[in-house]
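Undergrad: After the C-alpha coordinates below, expect a handful of questions from me.
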Amino acid sequence: MGKCFSDAVEQALRYIYYDLRAGKGAEGFMMLKEASDAGDGDASCILARCLCGNQYVWSGHEFPEDDDQATALIHKAVEQGSGIGVMVALRTGELTPSLEKKMPFGSLQEAFDSVLEKAEAGDAFCQYTVANSYFWWDFLRIQGKGRDSFSSEKEFKDYLRENIAKCEDWFQKALRGGMYFAANNLNRFYREGDEDLIAPRPELAENLFKTGAEMGYPIHQWIYADDLAEAKKYEEALHWYKMAAEGGQLDCWYCIGEMYEEGKGVEKDPAYAAQCYEKGLKKVKDEGKKIACANALGALYYDGKGVEKDYGKAFQLLTYGHEHGSKFGVCYLGKCYFRGWGTQQDYVKAREFLEQVDWTNREAFYMLGAIYGQGLGVTEDIKKAVEYLQKAGDNQEAKEELLKYKKTLFGKWVRR
(Lines give C-alpha, C1' and ligand atoms only; values in the text may rest on other atoms or scores of the structure.)
Protein backbone atom coordinates (compact mmCIF):
# COMPACT_ATOMS: atom_id res chain seq x y z
CA MET A 1 0.00 0.00 0.00
CA GLY A 2 1.02 3.57 -0.65
CA LYS A 3 1.46 6.15 2.07
CA CYS A 4 -2.12 7.46 1.89
CA PHE A 5 -3.90 5.49 -0.82
CA SER A 6 -3.45 2.23 -2.68
CA ASP A 7 -0.38 1.99 -4.90
CA ALA A 8 -2.57 2.26 -8.00
CA VAL A 9 -4.27 5.45 -6.81
CA GLU A 10 -1.03 7.09 -5.71
CA GLN A 11 0.62 6.34 -9.05
CA ALA A 12 -2.46 7.55 -10.94
CA LEU A 13 -2.48 10.80 -8.95
CA ARG A 14 1.12 11.37 -9.94
CA TYR A 15 0.41 10.80 -13.62
CA ILE A 16 -2.84 12.79 -13.70
CA TYR A 17 -2.00 15.70 -11.39
CA TYR A 18 1.49 15.89 -9.95
CA ASP A 19 3.68 15.10 -12.96
CA LEU A 20 1.88 16.31 -16.09
CA ARG A 21 5.01 16.43 -18.20
CA ALA A 22 5.43 12.66 -17.89
CA GLY A 23 2.67 12.33 -20.49
CA LYS A 24 1.20 9.29 -18.75
CA GLY A 25 -2.31 10.53 -18.07
CA ALA A 26 -3.93 7.77 -20.13
CA GLU A 27 -1.99 5.14 -18.16
CA GLY A 28 -3.14 6.71 -14.90
CA PHE A 29 -6.74 6.72 -16.14
CA MET A 30 -6.63 2.98 -16.86
CA MET A 31 -5.08 2.29 -13.46
CA LEU A 32 -7.98 4.10 -11.80
CA LYS A 33 -10.54 2.21 -13.86
CA GLU A 34 -9.09 -1.17 -12.89
CA ALA A 35 -8.83 -0.19 -9.22
CA SER A 36 -12.38 1.17 -9.20
CA ASP A 37 -13.70 -2.03 -10.73
CA ALA A 38 -11.85 -3.93 -7.99
CA GLY A 39 -13.67 -1.95 -5.27
CA ASP A 40 -11.26 0.94 -4.56
CA GLY A 41 -13.51 3.88 -3.64
CA ASP A 42 -10.72 6.45 -3.84
CA ALA A 43 -10.04 5.33 -7.42
CA SER A 44 -13.76 5.69 -8.20
CA CYS A 45 -13.72 9.27 -6.87
CA ILE A 46 -10.67 10.41 -8.84
CA LEU A 47 -11.88 8.61 -11.97
CA ALA A 48 -15.13 10.54 -11.68
CA ARG A 49 -13.21 13.81 -11.67
CA CYS A 50 -11.31 12.69 -14.76
CA LEU A 51 -14.63 12.38 -16.61
CA CYS A 52 -15.88 15.87 -15.64
CA GLY A 53 -13.92 17.96 -18.13
CA ASN A 54 -11.37 20.75 -17.87
CA GLN A 55 -12.85 22.19 -14.70
CA TYR A 56 -11.52 19.19 -12.80
CA VAL A 57 -8.67 17.76 -14.83
CA TRP A 58 -6.03 19.01 -17.25
CA SER A 59 -7.21 19.30 -20.86
CA GLY A 60 -3.86 17.95 -22.05
CA HIS A 61 -4.86 14.46 -20.89
CA GLU A 62 -7.70 14.45 -23.44
CA PHE A 63 -9.89 12.32 -21.19
CA PRO A 64 -13.46 11.63 -22.35
CA GLU A 65 -16.29 13.57 -20.71
CA ASP A 66 -19.25 11.69 -19.31
CA ASP A 67 -21.29 13.44 -16.61
CA ASP A 68 -23.64 10.50 -16.07
CA GLN A 69 -20.80 8.05 -15.55
CA ALA A 70 -19.00 10.53 -13.30
CA THR A 71 -22.10 10.87 -11.13
CA ALA A 72 -22.45 7.12 -10.87
CA LEU A 73 -18.78 6.82 -9.88
CA ILE A 74 -19.13 9.48 -7.16
CA HIS A 75 -22.05 7.55 -5.68
CA LYS A 76 -20.02 4.37 -5.95
CA ALA A 77 -17.06 6.03 -4.20
CA VAL A 78 -19.26 7.07 -1.27
CA GLU A 79 -20.71 3.57 -0.91
CA GLN A 80 -17.22 2.05 -1.18
CA GLY A 81 -16.11 4.09 1.84
CA SER A 82 -13.92 6.76 0.25
CA GLY A 83 -13.47 9.83 2.42
CA ILE A 84 -12.51 11.97 -0.55
CA GLY A 85 -15.52 10.51 -2.37
CA VAL A 86 -17.81 11.78 0.40
CA MET A 87 -16.20 15.23 0.34
CA VAL A 88 -16.39 15.49 -3.46
CA ALA A 89 -20.01 14.33 -3.41
CA LEU A 90 -20.76 17.00 -0.82
CA ARG A 91 -18.98 19.65 -2.86
CA THR A 92 -20.78 18.76 -6.10
CA GLY A 93 -24.22 18.56 -4.54
CA GLU A 94 -24.47 14.79 -5.00
CA LEU A 95 -24.49 13.88 -1.31
CA THR A 96 -28.22 13.48 -0.84
CA PRO A 97 -29.59 12.30 2.53
CA SER A 98 -30.23 8.85 1.05
CA LEU A 99 -26.64 8.59 -0.27
CA GLU A 100 -25.26 9.87 3.03
CA LYS A 101 -26.98 6.98 4.81
CA LYS A 102 -25.13 4.52 2.56
CA MET A 103 -21.64 5.74 3.45
CA PRO A 104 -19.77 3.53 5.94
CA PHE A 105 -18.83 6.50 8.11
CA GLY A 106 -20.55 7.42 11.35
CA SER A 107 -20.76 11.06 10.30
CA LEU A 108 -19.55 13.61 7.78
CA GLN A 109 -17.02 14.75 10.37
CA GLU A 110 -15.59 11.23 10.48
CA ALA A 111 -15.30 11.18 6.67
CA PHE A 112 -13.65 14.61 6.72
CA ASP A 113 -11.21 13.54 9.43
CA SER A 114 -10.12 10.59 7.29
CA VAL A 115 -9.23 13.02 4.51
CA LEU A 116 -7.62 15.47 6.93
CA GLU A 117 -5.37 12.70 8.25
CA LYS A 118 -4.08 12.02 4.74
CA ALA A 119 -3.67 15.76 4.10
CA GLU A 120 -1.57 16.10 7.24
CA ALA A 121 0.51 13.13 6.02
CA GLY A 122 1.35 15.15 2.92
CA ASP A 123 -1.05 14.05 0.17
CA ALA A 124 -1.69 17.03 -2.13
CA PHE A 125 -5.05 15.83 -3.45
CA CYS A 126 -6.36 15.54 0.12
CA GLN A 127 -4.87 18.92 1.00
CA TYR A 128 -6.78 20.40 -1.92
CA THR A 129 -9.97 18.62 -0.82
CA VAL A 130 -9.63 19.93 2.73
CA ALA A 131 -8.94 23.44 1.45
CA ASN A 132 -12.08 23.35 -0.68
CA SER A 133 -14.14 22.27 2.32
CA TYR A 134 -13.13 25.51 4.03
CA PHE A 135 -13.16 27.71 0.92
CA TRP A 136 -16.68 26.72 -0.12
CA TRP A 137 -18.09 26.67 3.43
CA ASP A 138 -18.74 22.92 3.36
CA PHE A 139 -17.46 22.85 6.93
CA LEU A 140 -20.89 24.07 8.04
CA ARG A 141 -22.58 20.85 6.99
CA ILE A 142 -19.60 18.72 8.00
CA GLN A 143 -19.68 20.15 11.52
CA GLY A 144 -23.48 20.33 11.61
CA LYS A 145 -23.53 24.01 12.45
CA GLY A 146 -25.44 27.08 11.29
CA ARG A 147 -26.50 30.52 12.46
CA ASP A 148 -28.73 29.02 15.14
CA SER A 149 -25.71 27.30 16.70
CA PHE A 150 -24.40 30.65 17.97
CA SER A 151 -25.68 33.16 20.48
CA SER A 152 -24.91 36.21 18.31
CA GLU A 153 -24.20 37.29 14.74
CA LYS A 154 -20.70 38.32 15.78
CA GLU A 155 -19.96 34.90 17.25
CA PHE A 156 -21.23 33.23 14.06
CA LYS A 157 -19.11 35.48 11.84
CA ASP A 158 -16.03 34.89 13.96
CA TYR A 159 -16.60 31.15 13.54
CA LEU A 160 -16.98 31.53 9.78
CA ARG A 161 -13.92 33.73 9.51
CA GLU A 162 -11.77 31.34 11.52
CA ASN A 163 -12.72 28.34 9.36
CA ILE A 164 -12.66 30.03 5.96
CA ALA A 165 -9.15 31.36 6.63
CA LYS A 166 -7.87 27.79 7.00
CA CYS A 167 -8.20 27.26 3.25
CA GLU A 168 -5.18 29.47 2.52
CA ASP A 169 -2.57 27.26 4.15
CA TRP A 170 -4.08 24.08 2.72
CA PHE A 171 -4.24 25.51 -0.80
CA GLN A 172 -0.61 26.58 -0.49
CA LYS A 173 0.46 23.12 0.65
CA ALA A 174 -1.54 21.46 -2.14
CA LEU A 175 0.01 23.74 -4.75
CA ARG A 176 3.53 23.03 -3.55
CA GLY A 177 2.73 19.32 -3.48
CA GLY A 178 1.71 19.21 -7.13
CA MET A 179 -2.02 19.99 -7.10
CA TYR A 180 -1.87 22.83 -9.62
CA PHE A 181 -5.66 23.36 -9.46
CA ALA A 182 -5.16 24.82 -5.98
CA ALA A 183 -3.88 28.03 -7.56
CA ASN A 184 -7.29 28.78 -9.08
CA ASN A 185 -9.25 29.04 -5.84
CA LEU A 186 -6.29 30.53 -3.99
CA ASN A 187 -6.09 33.24 -6.66
CA ARG A 188 -9.79 33.96 -6.18
CA PHE A 189 -9.39 33.96 -2.38
CA TYR A 190 -6.61 36.54 -2.56
CA ARG A 191 -8.22 38.76 -5.18
CA GLU A 192 -11.81 38.74 -3.93
CA GLY A 193 -11.65 37.79 -0.27
CA ASP A 194 -14.92 36.38 1.06
CA GLU A 195 -17.94 38.62 1.58
CA ASP A 196 -17.37 40.89 4.60
CA LEU A 197 -15.44 38.18 6.42
CA ILE A 198 -12.07 38.06 4.63
CA ALA A 199 -10.60 41.18 3.02
CA PRO A 200 -9.07 40.89 -0.49
CA ARG A 201 -5.27 40.76 -0.68
CA PRO A 202 -4.63 40.96 -4.44
CA GLU A 203 -0.91 41.58 -3.97
CA LEU A 204 -0.56 37.96 -2.77
CA ALA A 205 -2.00 36.67 -6.03
CA GLU A 206 0.50 38.40 -8.31
CA ASN A 207 3.11 35.62 -8.42
CA LEU A 208 0.86 32.59 -8.03
CA PHE A 209 0.95 31.48 -11.65
CA LYS A 210 4.60 32.45 -12.01
CA THR A 211 5.32 30.07 -9.12
CA GLY A 212 3.29 27.35 -10.81
CA ALA A 213 5.10 27.99 -14.09
CA GLU A 214 8.47 27.63 -12.41
CA MET A 215 7.28 24.40 -10.79
CA GLY A 216 6.65 23.02 -14.28
CA TYR A 217 2.86 23.08 -14.55
CA PRO A 218 2.09 23.56 -18.29
CA ILE A 219 -1.25 25.26 -17.69
CA HIS A 220 0.37 27.78 -15.34
CA GLN A 221 3.13 28.38 -17.87
CA TRP A 222 0.43 29.25 -20.39
CA ILE A 223 -1.37 31.62 -17.99
CA TYR A 224 1.91 33.26 -16.95
CA ALA A 225 2.95 33.62 -20.60
CA ASP A 226 -0.38 35.33 -21.34
CA ASP A 227 0.26 37.77 -18.48
CA LEU A 228 3.76 38.51 -19.80
CA ALA A 229 2.47 39.01 -23.35
CA GLU A 230 -0.18 41.42 -22.09
CA ALA A 231 2.61 43.36 -20.34
CA LYS A 232 4.50 43.36 -23.69
CA LYS A 233 7.32 41.26 -22.22
CA TYR A 234 7.33 39.21 -25.39
CA GLU A 235 10.68 37.46 -25.10
CA GLU A 236 9.81 36.06 -21.66
CA ALA A 237 6.31 35.22 -22.82
CA LEU A 238 7.62 33.25 -25.78
CA HIS A 239 9.89 31.22 -23.49
CA TRP A 240 6.97 30.17 -21.31
CA TYR A 241 4.64 29.52 -24.25
CA LYS A 242 7.25 27.10 -25.61
CA MET A 243 7.69 25.42 -22.24
CA ALA A 244 3.92 25.01 -21.95
CA ALA A 245 3.52 23.64 -25.49
CA GLU A 246 6.37 21.18 -25.06
CA GLY A 247 4.78 20.08 -21.78
CA GLY A 248 1.49 19.29 -23.51
CA GLN A 249 -0.45 22.57 -23.31
CA LEU A 250 -1.13 22.38 -27.03
CA ASP A 251 -3.22 25.57 -27.21
CA CYS A 252 0.07 27.44 -26.98
CA TRP A 253 1.13 26.46 -30.50
CA TYR A 254 -1.16 29.17 -31.83
CA CYS A 255 0.36 31.75 -29.46
CA ILE A 256 3.90 30.76 -30.51
CA GLY A 257 2.99 30.93 -34.19
CA GLU A 258 1.46 34.37 -33.76
CA MET A 259 4.60 35.69 -32.07
CA TYR A 260 6.86 34.36 -34.83
CA GLU A 261 4.54 35.69 -37.51
CA GLU A 262 4.39 39.17 -35.96
CA GLY A 263 7.98 39.26 -34.68
CA LYS A 264 7.11 39.66 -31.01
CA GLY A 265 10.07 38.79 -28.82
CA VAL A 266 11.79 37.13 -31.78
CA GLU A 267 12.74 37.86 -35.38
CA LYS A 268 9.84 37.39 -37.80
CA ASP A 269 9.71 33.88 -39.20
CA PRO A 270 6.45 33.15 -41.06
CA ALA A 271 7.72 29.73 -42.12
CA TYR A 272 8.11 28.63 -38.50
CA ALA A 273 4.81 30.33 -37.66
CA ALA A 274 3.15 28.15 -40.31
CA GLN A 275 4.66 25.03 -38.70
CA CYS A 276 3.25 26.08 -35.32
CA TYR A 277 -0.20 26.66 -36.77
CA GLU A 278 -0.03 23.25 -38.44
CA LYS A 279 0.77 21.62 -35.08
CA GLY A 280 -2.05 23.49 -33.44
CA LEU A 281 -4.49 22.50 -36.15
CA LYS A 282 -3.61 18.82 -35.80
CA LYS A 283 -3.25 18.59 -32.03
CA VAL A 284 -5.35 21.28 -30.33
CA LYS A 285 -8.72 20.15 -28.99
CA ASP A 286 -9.99 23.59 -27.98
CA GLU A 287 -12.27 24.66 -30.83
CA GLY A 288 -11.42 28.35 -30.51
CA LYS A 289 -7.68 27.83 -30.81
CA LYS A 290 -8.14 25.31 -33.63
CA ILE A 291 -10.18 27.86 -35.59
CA ALA A 292 -7.53 30.52 -34.91
CA CYS A 293 -4.81 28.20 -36.27
CA ALA A 294 -6.87 27.44 -39.38
CA ASN A 295 -7.48 31.13 -40.04
CA ALA A 296 -3.86 32.16 -39.52
CA LEU A 297 -2.51 29.32 -41.65
CA GLY A 298 -5.11 30.00 -44.35
CA ALA A 299 -4.01 33.63 -44.53
CA LEU A 300 -0.37 32.57 -44.91
CA TYR A 301 -1.27 30.24 -47.80
CA TYR A 302 -3.32 32.97 -49.46
CA ASP A 303 -0.51 35.53 -49.20
CA GLY A 304 2.32 33.06 -49.78
CA LYS A 305 4.11 34.05 -46.58
CA GLY A 306 6.36 31.36 -45.11
CA VAL A 307 4.72 28.79 -47.36
CA GLU A 308 4.21 28.43 -51.09
CA LYS A 309 1.09 30.29 -52.19
CA ASP A 310 -1.79 27.84 -52.41
CA TYR A 311 -5.29 29.27 -52.86
CA GLY A 312 -6.87 25.82 -52.58
CA LYS A 313 -5.46 25.24 -49.10
CA ALA A 314 -6.20 28.83 -48.13
CA PHE A 315 -9.84 28.48 -49.20
CA GLN A 316 -10.24 25.17 -47.36
CA LEU A 317 -8.74 26.44 -44.10
CA LEU A 318 -10.57 29.77 -44.11
CA THR A 319 -13.85 28.05 -44.95
CA TYR A 320 -13.35 25.80 -41.91
CA GLY A 321 -12.93 28.88 -39.71
CA HIS A 322 -16.00 30.59 -41.18
CA GLU A 323 -18.18 27.50 -40.84
CA HIS A 324 -17.27 27.41 -37.16
CA GLY A 325 -18.38 30.97 -36.49
CA SER A 326 -15.30 33.07 -37.28
CA LYS A 327 -15.55 36.25 -39.35
CA PHE A 328 -11.78 36.43 -39.82
CA GLY A 329 -11.74 34.96 -43.33
CA VAL A 330 -14.69 36.77 -44.97
CA CYS A 331 -12.46 39.10 -47.00
CA TYR A 332 -10.18 36.30 -48.20
CA LEU A 333 -13.14 34.08 -49.08
CA GLY A 334 -14.86 36.90 -50.93
CA LYS A 335 -11.73 37.47 -53.00
CA CYS A 336 -11.40 33.74 -53.72
CA TYR A 337 -14.96 33.58 -55.03
CA PHE A 338 -14.52 36.78 -57.05
CA ARG A 339 -11.29 35.61 -58.73
CA GLY A 340 -12.11 31.91 -58.83
CA TRP A 341 -9.01 31.18 -56.77
CA GLY A 342 -9.11 27.88 -54.91
CA THR A 343 -12.81 27.48 -55.76
CA GLN A 344 -15.25 28.06 -58.57
CA GLN A 345 -15.89 31.70 -59.46
CA ASP A 346 -19.17 32.79 -57.87
CA TYR A 347 -20.03 36.49 -57.78
CA VAL A 348 -23.12 35.98 -55.60
CA LYS A 349 -21.06 34.33 -52.84
CA ALA A 350 -18.26 36.83 -53.38
CA ARG A 351 -20.67 39.68 -52.68
CA GLU A 352 -22.11 37.90 -49.63
CA PHE A 353 -18.66 37.61 -48.09
CA LEU A 354 -17.28 40.96 -49.17
CA GLU A 355 -20.26 42.88 -47.79
CA GLN A 356 -19.35 41.50 -44.36
CA VAL A 357 -16.02 43.34 -44.50
CA ASP A 358 -16.54 46.20 -42.03
CA TRP A 359 -12.96 47.47 -42.15
CA THR A 360 -10.96 49.25 -44.85
CA ASN A 361 -9.81 46.90 -47.59
CA ARG A 362 -9.37 48.62 -50.91
CA GLU A 363 -9.28 45.46 -53.00
CA ALA A 364 -12.56 44.32 -51.45
CA PHE A 365 -14.12 47.71 -52.21
CA TYR A 366 -12.95 47.45 -55.82
CA MET A 367 -14.53 44.01 -56.16
CA LEU A 368 -17.86 45.18 -54.76
CA GLY A 369 -17.73 48.18 -57.09
CA ALA A 370 -17.15 45.89 -60.06
CA ILE A 371 -19.93 43.53 -58.98
CA TYR A 372 -22.52 46.32 -58.73
CA GLY A 373 -21.24 48.28 -61.72
CA GLN A 374 -21.24 45.28 -64.04
CA GLY A 375 -24.30 43.59 -62.54
CA LEU A 376 -22.33 40.43 -61.69
CA GLY A 377 -24.84 38.19 -59.92
CA VAL A 378 -26.82 41.21 -58.76
CA THR A 379 -28.96 43.97 -60.26
CA GLU A 380 -26.75 46.69 -61.74
CA ASP A 381 -26.42 49.66 -59.39
CA ILE A 382 -23.94 52.22 -60.75
CA LYS A 383 -24.42 54.67 -57.89
CA LYS A 384 -23.49 52.01 -55.33
CA ALA A 385 -20.66 50.81 -57.61
CA VAL A 386 -19.10 54.28 -57.71
CA GLU A 387 -19.38 54.64 -53.93
CA TYR A 388 -17.40 51.44 -53.44
CA LEU A 389 -14.86 52.33 -56.15
CA GLN A 390 -14.22 55.72 -54.56
CA LYS A 391 -13.71 54.05 -51.18
CA ALA A 392 -11.09 51.85 -52.85
CA GLY A 393 -8.83 54.92 -53.14
CA ASP A 394 -5.64 54.37 -55.12
CA ASN A 395 -6.36 50.73 -55.95
CA GLN A 396 -5.34 50.53 -59.60
CA GLU A 397 -8.15 48.20 -60.67
CA ALA A 398 -10.66 50.50 -58.99
CA LYS A 399 -9.25 53.51 -60.80
CA GLU A 400 -9.61 51.74 -64.14
CA GLU A 401 -13.15 50.60 -63.32
CA LEU A 402 -14.13 54.11 -62.25
CA LEU A 403 -13.19 55.45 -65.68
CA LYS A 404 -16.16 53.52 -67.10
CA TYR A 405 -18.61 55.88 -65.38
CA LYS A 406 -19.42 59.59 -65.48
CA LYS A 407 -21.73 61.98 -63.67
CA THR A 408 -24.46 63.73 -65.68
CA LEU A 409 -25.34 67.42 -65.39
CA PHE A 410 -28.07 66.38 -62.97
CA GLY A 411 -25.55 64.60 -60.68
CA LYS A 412 -26.49 61.05 -61.63
CA TRP A 413 -23.77 58.47 -62.24
CA VAL A 414 -24.12 56.58 -65.52
CA ARG A 415 -22.04 54.34 -67.73
CA ARG A 416 -19.91 56.26 -70.26
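Undergrad: Which is out of contact with any Gly (no Cβ under 7 Å at 6 or more places or on another chain) and at pLDDT below 95, of GLU79, GLU110, GLU62, GLU117?
TA: None of the others qualify; the one that does is GLU62.
Undergrad: Of the residues in the stretch 317-329, how many are surrounded by 19 or more Cβ atoms within 10 Å (Cβ to Cβ) and either in contact (Cβ under 8 Å) with a residue 40 or more places away in the chain or not in a helix (DSSP H, G or I) (or both)?
TA: 1
Quick grid of which residues meet (1) of a type in the set (Asp, Glu); (2) within 20 Å of ASN54 (Cβ to Cβ); (3) in contact with a Leu (Cβ under 8 Å, 6 or more places away or on another chain):
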{"residue": "CYS255", "(1), (2), (3)": "no, yes, no"}
{"residue": "TYR260", "(1), (2), (3)": "no, no, no"}
{"residue": "VAL266", "(1), (2), (3)": "no, no, yes"}
{"residue": "PRO270", "(1), (2), (3)": "no, no, yes"}
{"residue": "GLN275", "(1), (2), (3)": "no, no, no"}
{"residue": "GLY280", "(1), (2), (3)": "no, yes, yes"}
{"residue": "VAL284", "(1), (2), (3)": "no, yes, yes"}
{"residue": "GLU287", "(1), (2), (3)": "yes, yes, no"}
{"residue": "LYS290", "(1), (2), (3)": "no, yes, yes"}
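Undergrad: Of a type in the set (Gly, Ala, Ser) and touching a helix residue (DSSP H, G or I) at 6+ places or on another chain (Cβ under 8 Å): does that describe ALA38?
TA: Against the criterion (of a type in the set (Gly, Ala, Ser) and touching a helix residue (DSSP H, G or I) at 6+ places or on another chain (Cβ under 8 Å)), ALA38 does not qualify.
Undergrad: Write out, first by first residue and then by second, each pair whose Cβ atoms fall under 7 Å of each other, whose residues are 6+ apart or on separate chains, and whose first residue, in the stretch 139-158, is touching a residue at least 12 places away in the same chain (Cβ under 8 Å) while the second is among the aliphatic types (A, V, I, L, M) and assigned to a helix (DSSP H, G or I).
TA: Here the result reads ARG141/LEU90; ARG141/LEU108; ILE142/LEU108, each pair linking the stretch 139-158 to a residue that is among the aliphatic types (A, V, I, L, M) and assigned to a helix (DSSP H, G or I).
Undergrad: A follow-up question, please. Please find, within the stretch 9-28, the residue that is nearest to ALA244 (Cα to Cα) out of those that are part of a helix (DSSP H, G or I) and open to solvent by 60 Å² or more (accessible area, probe 1.4 Å).
TA: Top of the filtered list is ARG21.
Undergrad: Within the stretch 29-40, is there a residue that is within 20 Å of GLY248 (Cα to Cα), open to solvent by 70 Å² or more (accessible area, probe 1.4 Å) and either touching a strand residue (DSSP E or B) at 6+ places or on another chain (Cβ under 8 Å) or not charged (D, E, K, R) (or both)?
TA: Yes, the conditions are met somewhere in the stretch 29-40.
Undergrad: Please go through the stretch 280-304 and pick out each residue that is without any contact (Cβ under 8 Å) to a residue 40 or more places away in the chain, under 23 Å from HIS61 (Cα atoms) and surrounded by fewer than 18 Cβ atoms within 10 Å (Cβ to Cβ).
TA: LYS282, LYS283, GLU287, GLY288
Yes/no matrix, rows are residues, columns are (1) in contact (Cβ under 8 Å) with a residue 12 or more places away in the chain; (2) over 17 Å from the mean Cα position of the chain (by Cα); (3) closer than 30 Å to ALA165 by Cα:
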residue	(1), (2), (3)
LEU204	yes, yes, yes
HIS220	yes, no, yes
ASP227	yes, no, yes
LEU238	yes, yes, no
GLY248	yes, no, no
GLU262	no, yes, no
ASP269	yes, yes, no
TYR272	yes, yes, no
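Undergrad: If you don't mind, there's one more thing I want to ask. From the list PHE171, PHE181, PHE150, which one is at pLDDT below 95 and among the aromatic types (Phe, Trp, Tyr)?
TA: On inspection, the qualifying residue turns out to be PHE181.
Undergrad: Please identify the pairs in which a residue from the stretch 370-393 that is of a type in the set (Ser, Thr, Tyr) has its Cβ atom under 6 Å from the Cβ atom of a residue that is part of a helix (DSSP H, G or I) and surrounded by 15 or more Cβ atoms within 10 Å (Cβ to Cβ), counting only partners at least 6 apart or on another chain.
TA: TYR372/LYS384; TYR372/ALA385; TYR388/PHE365; TYR388/LEU368; TYR388/GLY369
Undergrad: Okay, moving on. Which of (1) touching an Asp or Glu at 6+ places or on another chain (Cβ under 7 Å); (2) crowded, with 20+ Cβ neighbours inside 10 Å is the odd one out, the single condition PRO200 does not satisfy?
TA: Result: PRO200 passes all but (2).
Undergrad: For residues that are open to solvent by 10 Å² or more (accessible area, probe 1.4 Å) and in a loop (DSSP other than H, G, I, E, B), tally how many sit in the stretch 44-66.
TA: So the answer is 10.
Undergrad: Tally the residues that are within 14 Å of THR129 (Cβ to Cβ) and small (Gly, Ala, Ser), restricting the search to the stretch 153-175.
TA: 1
Undergrad: Being touching a Leu at 6+ places or on another chain (Cβ under 9 Å) and open to solvent by less than 60 Å² (accessible area, probe 1.4 Å) is the requirement here; does GLY312 meet it?
TA: It is false that GLY312 is touching a Leu at 6+ places or on another chain (Cβ under 9 Å) and open to solvent by less than 60 Å² (accessible area, probe 1.4 Å).
Undergrad: While we're here: Grab the helices (runs of 4 or more DSSP H) fully contained in the stretch 67-166, keeping just those with 1 or more residues being touching a Phe, Trp or Tyr at 6+ places or on another chain (Cβ under 6 Å) and surrounded by fewer than 23 Cβ atoms within 10 Å (Cβ to Cβ).
TA: Filter on the stretch 67-166 gives 139-143, 153-164.
The values are calculated or read from the model by the stated rules, or taken from the named source; none is laboratory data. From a predicted model like this one, the values you see are computed outputs, not experimental measurements. Here Cβ is always computed from backbone atoms with ideal geometry, including for glycine, and neighbour counts include all displayed protein chains. Ligands, DNA and RNA are excluded from the accessible area calculation, which covers all protein heavy atoms including side chains. Shrake-Rupley method; radii C 1.70, N 1.55, O 1.52, S 1.80 Å.
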